[in-house]
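Engineer: The structure that follows is given in the form of structure tokens.
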Amino acid sequence: MSQLVHVAQTTAPSAVTTAHMVAAYARTRGKDGRPGAGIAHRSISPDSAWQFQGTSMSGEWPLHSYLELGAFPSAVPCVRLHTRQVLWEWGLSEVSETVELLASELVTNAVKATRFMEDSFVLRFWLLSDRARVMVAVWDANPQQPIRMATSEDADNGRGLLLVEALSKQWDWHVAPDLGGKVVWALV
């Protein structure tokens, strides 16, 4: 069963370093990586999704939502439903199908990327918007680059990044050095 934690922020956060975010996150966890005491309202900055090379985009994204989920296949439908509901609340239902599909593909890839890792309990999902654009970002513990698979026409899987490329205006990934792992993001 996926652990689902929705952290809502009502104002755009100030730029924080990933190191500070990681330290705050670590303080909320026990030694086994599971939630510890006092985490119910702890906030993790949406900036951490792409805070690398001195870049902070929090001012560009007044609407944002964050989920922390268990790295299990059941995380995918949780993210789809969450994405649909949040976009509806934001008045962006017209892009819901595309963004849901992108979110599903990115989370599915993250679940697959962490399945053989030791201590890969969690995925992090960000949904951000400035009302003209929507960004989906997913963090997983595996720092390896996402690889687009060469697939045949009758293959059952392997088309995730091809779909991401086709549906998004732009997508990319980066290693999250202070956090470990990587963030993959797509823009609609």
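Engineer: Label the range 74-152 by shape, choosing from rounded, prolate and oblate, from the square roots a ≥ b ≥ c of the eigenvalues of the Cα gyration tensor; if a/c is under 1.5 it is rounded, and otherwise prolate applies when a/b is larger than b/c, oblate when it is not.
Structural biologist: Values: a/c = 2.23, a/b = 1.75, b/c = 1.27.
In terms of gyration-tensor shape, prolate.
Engineer: Taking the beta-carbon count within 10 Å as an exposure proxy, list His174, His64 from fewest neighbours to most. List each step's numbers first, then the result.
Structural biologist: On the way: His174 17, His64 24.
By the 10 Å Cβ count, ascending: His174, His64.
Engineer: What order do you get for Lys112, Lys182 when you list them from fewest to most C-beta neighbours inside 10 Å? Don't jump to the answer; show the numbers that get you there.
Structural biologist: Details: Lys112 16, Lys182 20.
Taking fewest neighbouring Cβ atoms as first place, the list is Lys112, Lys182.
Throughout, read-outs are computed from the coordinates displayed, never taken from laboratory work. None of these values were measured; they are calculated from a predicted model. Ideal geometry is used to build each Cβ from the backbone, glycine not excepted, and the neighbour counts take in all protein chains shown.
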